[in-house]
1. I'd like to verify something in the chain: which complete DSSP H helices, judged by Cα projection on the helix axis, reach 24 Å or more and average at least 0.5 on the Kyte-Doolittle scale?
2. If you take the beta carbon distance between ALA31 and SER2 as r and set R0 to 25 Å, what does 1/(1 + (r/R0)^6) give as a FRET efficiency, to the nearest 0.05?
3. Determine the distance separating the Cα centre of the stretch 88-116 from the Cα centre of the stretch 1-29; give it in Å without decimals.
4. Within 10 Å, count the other beta carbons around each residue, average over each peptide in 35-48, 56-69, and list them highest first.
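The numbers here are math on the coordinates, done by the rules we state, and not lab data. Here the structure is a predicted model, which is why all the values come from computation and not from measurement. Counting neighbours? That spans all protein chains shown, and the Cβs are built from the backbone with ideal geometry, glycine included.
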Amino acid sequence: MSKPVFEDLFTFSGRRNRKSYVLFVLLMTVAMSVVWGIAIGISAENEGYAMLVVAGLATIPAAVCGWAVAAQRCRDFGWTGWAVLLTLIPYLGPIFGLAIVFIPGNVGDNRYGADPLKQSPAFTGP
């Protein structure tokens, strides 16, 4: 079972598996594309920049969520959450951002928490 996509969005602790991370990135990409598309469309019609400012302000919590989720993903394969700052380095950043999608997480618990793929003890499935 995968970690729910919208769980622990503003938390820089814990772990997140690859599936949950990829789904989060896809959903945030679509959501922010819609927000910016609407803002650009309204600003072009009204010849004002107020909606662009609103969209810019909406981008701030989205960026914080993105860094928190990426930090959780780094912890899943045993790196510190601070490694997400590598994404800010030109040329290296996009490569590292893509790499954390493909690096498998540690099996079982690691020093950052329980395995997000491990079933909870309360589950008594078939």
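1. Values: long enough: 18-46 (42 Å, 1.26); 50-76 (40 Å, 1.12).
Taking the DSSP H segments of the chain (at least 24 Å long, mean hydropathy at least 0.5), we get 18-46, 50-76.
2. Details: r = 20 Å, r/R0 = 0.79.
Computed FRET efficiency for ALA31 and SER2: 0.80.
3. Value for the Cα centre distance between the two parts: 12 Å.
4. Working: 35-48: 12.8, 56-69: 15.0.
Those peptides, ordered most packed to least, come out 56-69, 35-48.
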